[in-house]
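Since the structure comes first, as structure tokens, the remarks are kept for the end.
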Amino acid sequence: MKEIVQEGAEVLREVAAPVEESAFGSEELAKLVADMTDALEAEPDGVALAAPQVGVSERVFIVRMDRVDVPLLPEGEEAPAAPRPALVDVYVNPEIVKTSRRRQTADEGCLSVRGIYGTTHRHERVTLRARREDGSRFERGAGGLLAQIFEHEVDHLNGVLFIDAAEDLVEVRPHELAHESAA
């Protein structure tokens, strides 16, 4: 399984190369997406992952929609015992084509900057144009957390980490997280 690279790795600061036309529908692109999916699966607190985070400087990111779209349950109702199936959306050669004027403040972290969290100012709404693994083109609008994810992942593809602009950075050591979750 591919390891998620950490801050300091050169690949995280490079502008990722576009996926070539010949790669759409290829086994190579399918393997990259599968490797990224496996790496993200191993991180239960992760919602998305960009190719540079697994050491590949290409313009691809994935989003675990089952971790983004957490259903709200009526008060007093418990979640089903069986986990929801993984639903991974793939974005190849994405570009943000429209943003709202209004911004939102949100807490943010990153699988490549483990243990550091901060406050970011992201657009409330974002429209993204991208391609699927088969090469088909699509646009997707998003608000809230998904808009934040789109901006965060496109930043990765441009060699930008959330800590570059985040405010009020705090470090949370793993034992502190374990202690808090046990409480």
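The values are calculated or read from the model by the stated rules, or taken from the named source; none is laboratory data. Bear in mind that the values here come from a model prediction, so they are computed numbers and not experimental data. Please note: Cβ atoms are built from the backbone with ideal geometry, for glycine as well, and neighbour counts cover all protein chains shown.
For segment 38-63, the set of residues classified as under 14 Å from the mean Cα position of the chain (by Cα), more than 20 Å from residue 145 (Cα to Cα) and β-branched (Val, Ile, Thr) consists of 54 only. Given the criteria assigned to a strand (DSSP E or B), modelled with pLDDT of 95 or more and either exposed (fewer than 11 other Cβ atoms within 10 Å of the Cβ) or small (Gly, Ala, Ser) (or both), does residue 130 qualify? Answer is yes for this residue. When restricted to residues that are hydrophobic (A, V, I, L, M, F, W, C), in contact with an Asp or Glu (Cβ under 7 Å, 6 or more places away or on another chain) and farther than 14 Å from residue 156 by Cβ, segment 9-31 contains 4.
Can you pull out every residue in segment 156-179 that is in a helix (DSSP H, G or I), at pLDDT below 95 and within 18 Å of residue 46 (Cβ to Cβ)? Once the filter is applied, which keeps residues that are in a helix (DSSP H, G or I), at pLDDT below 95 and within 18 Å of residue 46 (Cβ to Cβ), segment 156-179 yields 174, 177, 178.
State yes or no: is residue 153 in contact with a Pro (Cβ under 8 Å, 6 or more places away or on another chain), within 25 Å of residue 55 (Cβ to Cβ) and either polar (S, T, N, Q) or modelled with pLDDT of 95 or more (or both)? Walk me through it before giving the result.
Numbers: in contact with a Pro (Cβ under 8 Å, 6 or more places away or on another chain): yes; within 25 Å of residue 55 (Cβ to Cβ): yes; either polar (S, T, N, Q) or modelled with pLDDT of 95 or more (or both): yes.
For residue 153, the condition - in contact with a Pro (Cβ under 8 Å, 6 or more places away or on another chain), within 25 Å of residue 55 (Cβ to Cβ) and either polar (S, T, N, Q) or modelled with pLDDT of 95 or more (or both) - is met.
When 115, 109 are screened for being under 19 Å from residue 4 (Cβ atoms), loosely packed, with under 15 Cβ neighbours inside 10 Å, in contact with a strand residue (DSSP E or B) (Cβ under 6 Å, 6 or more places away or on another chain) and small (Gly, Ala, Ser), only 115 passes. All conditions but one from (1) in a helix (DSSP H, G or I); (2) without any contact (Cβ under 8 Å) to a residue 40 or more places away in the chain apply to residue 30; the one that does not is (2). The residue that is nearest to the chain's Cα centre (by Cα), counting only those in segment 1-37 that are over 20 Å from residue 93 (Cβ atoms) and loosely packed, with under 13 Cβ neighbours inside 10 Å, is 3.
Within segment 38-58, which residues are in a helix (DSSP H, G or I) and surrounded by fewer than 18 Cβ atoms within 10 Å (Cβ to Cβ)?
Residues of segment 38-58 in a helix (DSSP H, G or I): 38-41, 51-54.
Correct list: 38, 41.
Does residue 84 satisfy the criteria of being assigned to a loop (DSSP other than H, G, I, E, B), modelled with pLDDT of 95 or more and not aliphatic (A, V, I, L, M)? Criteria not met by residue 84.
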